[in-house]
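The values are calculated or read from the model by the stated rules, or taken from the named source; none is laboratory data. All values derive from a computational prediction rather than experimental measurement. A quick note on method: Cβ atoms are made from the backbone with ideal geometry, for glycine too, and the neighbour counts reach across all protein chains shown.
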Amino acid sequence: MSPELIIAGALLIALTVYLLTGGADYGAGVWYLFANGARAGAHRALIEQALAPIWETNHVWLILVLVLLFTAFPPAFSAIVVGLHIPLTLLLVGIVMRGAAFAFRYSDVPFGALHAQWERLFALASLLTPFWLGVVIGTTAGGLSAASGGFVATFVSPWLQVFPFLVGLLTVMMVAYLAAVYLAVEAEDNGLREDFRWRAIATGLAVSVLDETVLLAARHGAPITWDALTGTAWGAVAQFATAAAGLAALVCLWQRRFRWARLCAAGQVTLTLWAWAFAQFPYLVPPSLTIYTAAAPALTLRWLLLALGAGALVLFPSLWYLFGLFKPRALFSHDGPPPSGDRTPEGRHG
């Protein structure tokens with residue numbers, strides 16, 4: 001297997017893990033925005049408890065994606081960051097504003113009136129950031145041609161289209177779906193668990209509908225992806241497997257098998273992302289930049305592979321320790337009724 005292919009696989013895995021972890025963090029912020037009713041305070045407390053220990057750590061995967069793309073495939077990196085600098089700037093502003101708001105809301109004790117503003121900024125940034133991430137992915141899948149024409153034709157028209165915006169909407173719904181499932185696993189009382197169970201079912205159904213809508217829009221918005229997913233045997237298998245994972249997740253949620261639901265929901269999102277990646281293979285940026293034509297020199301790729309291996313020896317044990325320390329319930333406990341000492345929505349969560 002060529003170094004280019006190995007690194008492209010590592011890039012896809014890093015993007016997948018970022019969507020499943022950091023993406024779910026954005027989804028939790030979306031639910032923070034829509035928390036309402038008698039248990040709104042309990043919802044926000046659960047979200048804060050779930051996010052606080054790990055939300056910064058999950059960005060390591062986005063950093064890895066950018067480093068791999070910049071180092072291993074510099075022409076593709078250049079095409080994306082130049083051609084899509086407007087949505088990418090909005091994406092980065094969202095990441096910064098979201099992190100700053102989440103941190104500052106704990107530092108404004110003397111200025112209590114600002115607390116609600118930080119919360120609102122955190123929630124809105126959590127909604128808009130995955131949207132722009134989806135727009136970037138959708139525009140890239142649709143293809144980026146060499147610059148021609150004026151500013152609007154070169155830097156605005158490629159992403160100001162129906163298909164990228166549908167992919168952005170799908171991304172928002174997927175991260176909200178993941179977050180609802182994860183929060184149902186982490187909830188320590190039946191009331192909160194049921195609230196997020198119903199949210200997970202609703203967003204899971206929405207994701208399934210949007211999946212098919214995006215596929216139909218790809219016929220004109222991303223023809224390479226459309227042809228691969230509708231005109232090949234493996235494309236039909238990928239669609240069937242994604243639908244099966246989504247159906248299994250909904251059945252598990254209905255039966256309150258939350259940990260199996262989490263596995264199936266993560267599988268559904270992973271299959272959706274991987275189907276897109278394999279559908280445009282070997283292109284990194286259609287219609288001209290492939291994994292092979294955009295690759296850096298062989299020596300650079302070899303050193304990058306060595307750095308990936310060395311980094312993995314440090315990264316994975318560190319992540320296991322971090323999640324084992326702060327997320328033992330999410331990692332090791334089993335489905336079942338909460339312990340007798342659990343907090344109720346009318347208790348400390350409020």
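If you go through the stretch 206-213 one residue at a time, do you hit one that is acidic (Asp, Glu) and under 22 Å from GLN280 (Cα atoms)? Among the residues of the stretch 206-213, at least one is acidic (Asp, Glu) and under 22 Å from GLN280 (Cα atoms), which makes the answer yes. Yes or no: ALA261 within 21 Å of GLY29 (Cα to Cα) and assigned to a helix (DSSP H, G or I)? In short, yes.
Candidates in the stretch 185-197 are the residues that are surrounded by fewer than 24 Cβ atoms within 10 Å (Cβ to Cβ) and not charged (D, E, K, R); of these, the one that is farthest from VAL30 (Cα to Cα) is ASN190.
Kindly evaluate LEU144 against the criterion of being surrounded by 21 or more Cβ atoms within 10 Å (Cβ to Cβ) and either acidic (Asp, Glu) or over 18 Å from the mean Cα position of the chain (by Cα) (or both). So LEU144 fits the description; yes. Scanning the stretch 260-278 for residues that are without any contact (Cβ under 8 Å) to a residue 60 or more places away in the chain, farther than 21 Å from LEU183 by Cβ and surrounded by 18 or more Cβ atoms within 10 Å (Cβ to Cβ) yields LEU271, ALA275.
Inspect the stretch 75-95 for any residue being in contact with an Asp or Glu (Cβ under 8 Å, 6 or more places away or on another chain) and either in contact (Cβ under 8 Å) with a residue 24 or more places away in the chain or more than 23 Å from PRO328 (Cβ to Cβ) (or both) and give the result as yes or no. No, the stretch 75-95 contains no residue that is in contact with an Asp or Glu (Cβ under 8 Å, 6 or more places away or on another chain) and either in contact (Cβ under 8 Å) with a residue 24 or more places away in the chain or more than 23 Å from PRO328 (Cβ to Cβ) (or both).
Every test in (1) more than 18 Å from LEU133 (Cβ to Cβ); (2) crowded, with 23+ Cβ neighbours inside 10 Å; (3) not basic (Lys, Arg) is passed by MET174 save one, and that test is (1). Within the stretch 23-57, being farther than 16 Å from ALA103 by Cβ, in contact with a His (Cβ under 9 Å, 6 or more places away or on another chain) and surrounded by 20 or more Cβ atoms within 10 Å (Cβ to Cβ) holds for TRP31, ARG39, ALA42, HIS43, LEU46. Say whether the condition of being in contact with a His (Cβ under 9 Å, 6 or more places away or on another chain), more than 25 Å from ASP195 (Cα to Cα) and surrounded by fewer than 16 Cβ atoms within 10 Å (Cβ to Cβ) is met by at least one residue in the stretch 108-118. Checking the stretch 108-118: at least one residue is in contact with a His (Cβ under 9 Å, 6 or more places away or on another chain), more than 25 Å from ASP195 (Cα to Cα) and surrounded by fewer than 16 Cβ atoms within 10 Å (Cβ to Cβ). Note on the stretch 5-33: residues that are more than 20 Å from GLY267 (Cα to Cα) and either in contact with a helix residue (DSSP H, G or I) (Cβ under 7 Å, 6 or more places away or on another chain) or polar (S, T, N, Q) (or both) amount to 7. TRP303 passes every criterion in (1) aromatic (Phe, Trp, Tyr); (2) modelled with pLDDT of 90 or more; (3) surrounded by fewer than 19 Cβ atoms within 10 Å (Cβ to Cβ); (4) touching a helix residue (DSSP H, G or I) at 6+ places or on another chain (Cβ under 7 Å) apart from (4). Within the option set LEU66, LEU15, LEU51, LEU46, being free of Cβ contacts under 8 Å to residues at least 12 places away in the same chain and of a type outside the set (D, E, K, R) holds for one residue only, LEU66.
Restricted to the stretch 227-259, and to residues there that are crowded, with 20+ Cβ neighbours inside 10 Å and closer than 16 Å to ALA141 by Cα, the residue that is nearest to the chain's Cα centre (by Cα) is LEU229. Evaluation of THR290 against the conditions (1) within 30 Å of VAL67 (Cβ to Cβ); (2) touching a Ser or Thr at 6+ places or on another chain (Cβ under 9 Å); (3) among the polar types (S, T, N, Q) shows that the sole unmet condition is (2). Which residue pairs have Cβ atoms under 7 Å apart, sit 6 or more places apart or on different chains, and have a first residue in the stretch 284-295 that is crowded, with 22+ Cβ neighbours inside 10 Å and a second that is part of a loop (DSSP other than H, G, I, E, B)? Taking only residues 6 or more apart or on different chains, the pairs are LEU284/PHE73; LEU284/ILE291; LEU284/ALA294; VAL285/LEU144; ALA294/PHE73; ALA295/PHE73.
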